[in-house]
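Here's the structure we're looking at; comments come further down.
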Amino acid sequence: MAELTDIVNETIRREIEEYIERPDEVERNVGLFARTRPLMQEISAALIEGDDGTVDRLTKRALDENIDALEIMDDGLIAGMGIVGIKFRDNFIYVPEVLACARAMKAGMTYIEPILSASGVKPLATVVMGTVKGDLHDIGKNLCIMMLRGSGFSVVDLGVDTSDDEFIDAVEEHKAPILGMSALLTTTMPNMGRTIEAFIDADLREDVKIMVGGAPVTQEFADDMGADAYGKDALDCVAVAKGFVSVQA
Amino acid sequence: MANVQVQTMTSRERVLAGLRRDPVDRTPVCNPTSVATVELMDLVDAHFPEANRDPRMMARLAATGYTELGFDSIMPVFSIIQESSALGCKMQWEQKDNWPTVRMREPIWRDVDDIRIPNDFLTHPDTACVIEAIKLLKMEFGDEVAIIGKTMGPWTLGYHCFGVEPFLLMSLDDPGKTKLALERMKEATIQFGVAQIEAGADALTLPDHATGDLVSGEYYDRYLKDMHAEFVDLIPAPLILHICGRTVDRMNSIAETGMAAFHFDSKNKPQESMDIIRDRISLIGNINNPETLYAKEPEAVREEVCANLEAGVHMIGPECAIPLQTSIENLLAIPRAVRDWHAGHADN
């Protein structure tokens, strides 16, 4: 079994020691980073620190050294975002820090995405995300999108104030197996139920898994609306999505 | 603290005493945030969005908090958009059953040098509406009931005018610039607050959403604590700070600002919150909105009221602006539960 001392990068070792408390998550991350090459660990460390300039530079260097784009994404960027998600869930960092880490992830993905698209490498799944009709709040949705992309999903972001038709059209166009809806207002929460009804009326309900979330949303509400799942925070959203596609969270 | 020796107070006296933590005849029922509902809009024929923009409709709808629900306060500012609208933000006014909202995805400022409080800030229709509504309420109700105004703090104005993500990223990338931005934006908070007091407001709610759901407690200390203390000196009325979400980690700092009260969210336990503030500030709250007031029955509302009273929370009310579809029955349960609790504890 891998040990913490098998991880070359001091920042990564410190992050795992100081911020990851659940034994299963410690074991998974130690196992992951112990086998990744040092340059990937450097990319992860820079991403965790929100250093988009360094992530940009190191991603380019890794590609120049002919390291596979998929390896850079999985072992550098996604691995780093995994630790970011845990720290956010456990309140070691807050939204400003997560935004900076997401910015760093984006810096790396600017190089990676075109390569993966061209080579036909598929994401875990496509997720359509939007804030429901009448609601202009999107920070929660955006955090979920950052975490989903940081975990290997492709996300179609419909933005805010999204109508039933817009959700349906996007799911059909992108053949998305997963739809995520967000609401921050109790006045707009019922629109989640209306959208789910619209999918039933369009005979599409069986083709898509629907998850809902947002500050006023609860498991009970999600069940009443007919959603398949409720995500209580951004990391939970990823776990739910992975559950839909049967990937280990 | 309720004192059976205190003779019967008017609602206004009760709220003002509660803000000073002076003896009261019974715990005040107070709404630092909106208790407007679709049912109440229908009752007095004052509907959103017009009730957010017409002073007579605004006053008429706001008054129902006292006349129909039995709260000890009237708070006419149903949403959080007036200042941002007057600063030039783009608005989405919505319909009767939804809140007007700032289009934060279309921010009006990118940099600190963009910040400008326009000369007509207080005469803009949306700020002027509030000022006029307060005058109308004061004329109608005099000293009978507490009139609470509302002025948004600079952190919230930052979200509205810069956009949430750009503002939060700026707070991390450039703390100096962020502090300067807050310094410049606070003028809007002060101007609007003072204008409402001059119009007759007895107290002001000051929402400033540095919530634990978004930022750390350290952020509150770094960016807002001193400024909130400054507001206490510059705005001549009791101030009720409102921050949604988890705030236990910053309540000690909030209690040190000198603000009269803190309006707290149901994510924070009443007793734990009372233990932290140690009577340095009044607590108002914290009946849950989406799960209890919106979705459950009056008995569940009663339970939460009693939990707050048992903890010694100074004033009872919903945790935030209530869902527009909340039933009047559930809202009536709040003052009813307060009265019943006091009747049951009369010998204590």
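No lab work stands behind these numbers, since they all come straight from the coordinates. The structure displayed is predicted, hence computed values, not measured ones. Note that each Cβ is placed from the backbone with ideal geometry, even for glycine, and that neighbours are counted across all protein chains shown.
Largest GNM mean-square fluctuation among B:Ile334, B:Ile108, B:Ile134, using chain B with Cα springs under 10 Å: B:Ile108. Both the radius of gyration and Dmax for chain A are 18.5, 56 Å, in that order, over alpha-carbon atoms. In plain terms, if you count all Cα to Cα distances in the protein assembly as shown and split them into 20 Å steps from zero, the share in each step is 20, 50, 26, 4, 0 percent. With all pairs of different C-alpha atoms in the average, the Kirkwood value for the hydrodynamic radius of the stretch B:11-344 is 19.6 Å.
When the square roots of the Cα gyration tensor eigenvalues are ordered a ≥ b ≥ c, the ratio a/c for the stretch A:123-249 is under 1.5, which makes its shape rounded. Over 19 Å, how big is the tail of the calculated P(r) for the stretch B:134-192, in percent of all Cα pairs? Beyond 19 Å sits 45 percent of the P(r) for the stretch B:134-192. Counts of other chain beta carbons within 10 angstrom of each beta carbon in peptide B:324-332 average 1.
Here the stretch B:303-348 is treated as an ellipsoid with the same Cα gyration tensor; its semi-axes, largest first and in whole Å, are 22, 12, 7. Full extension of the segment from A:Lys175 to A:Thr110, taken as 0.36 nm per residue of separation minus the current Cα-Cα distance, would add 21.0 nm. For the stretch B:11-344, the share of DSSP beta bridges that are antiparallel, to the nearest 5, is 10%. Each semi-axis of the equivalent ellipsoid for the stretch A:179-247 is √(5λ) with λ an eigenvalue of the Cα gyration tensor; in descending order they amount to 18, 17, 8 Å. Between 0 and 90 degrees, the angle of helix B:328-344 with respect to the longest Cα principal axis of chain B falls at about 50 degrees. Structure remark: mean-square fluctuation, Gaussian network model of chain A, C-alpha springs under 10 Å; the largest value among A:Ser182, A:Ser44, A:Ser119 belongs to A:Ser119. Note: the stretch A:10-49, Cα convex hull, 57 Å³ per residue.
Left without a cysteine partner by the 4.7 Å Cβ rule in chain A: A:Cys101. The A:Asp6 and A:Glu71 beta-carbon pair, evaluated with R₀ = 22 Å, returns a calculated FRET efficiency of approximately 0.75. Helix A:234-244 and the long axis of chain A differ in direction by around 80°, with both axes built from C-alpha atoms.
With everything on Cα atoms, drop me the angle between helix A:10-19 and the longest principal axis of chain A, reported from 0 to 90° to the nearest 10. In chain A, helix A:10-19 runs at an angle near 50 degrees to the longest axis.
Counting only DSSP H runs of at least 4 residues, each contributing -39500 (n - 2.57), and dividing by the residue count of chain B, the helix-based mean residue ellipticity at 222 nm comes to -13500 deg cm²/dmol. Based on C-alpha pairs under 8 angstrom that are at least 6 apart in sequence, chain B has a relative contact order of 19 percent. Modelled this way, with points 7 Å down the Cα-to-C-beta line, the labels at A:Glu21 and B:Lys179 are 3.2 nm from one another. With neighbour counts taken as other beta-carbon atoms within 10 Å, the residues B:Lys177, B:Lys138 rank, fewest first, as B:Lys177, B:Lys138. In terms of the Cα gyration tensor, with a ≥ b ≥ c the square roots of its eigenvalues, is the stretch B:20-113 rounded because a/c is under 1.5, prolate because a/b exceeds b/c, or oblate? Because a/c hits 1.5 or more and a/b fails to exceed b/c, the stretch B:20-113 counts as oblate.
By DSSP, the beta bridges lying fully in the protein assembly as shown are antiparallel in about 5 percent of cases. Largest GNM mean-square fluctuation among B:Leu206, B:Leu241, B:Leu172, using chain B with Cα springs under 10 Å: B:Leu172.
With Cα atoms as the point set, the radius of gyration and Dmax of the stretch A:4-118 evaluate to 13.3, 39 Å.
Using a/c under 1.5 as the rounded threshold, could you call the stretch B:183-270 rounded, prolate or oblate? The axes a ≥ b ≥ c are square roots of the C-alpha gyration tensor eigenvalues, and prolate needs a/b larger than b/c, oblate otherwise.
Values: a/c = 2.06, a/b = 1.57, b/c = 1.31.
Cα axes put the stretch B:183-270 in the prolate bin.
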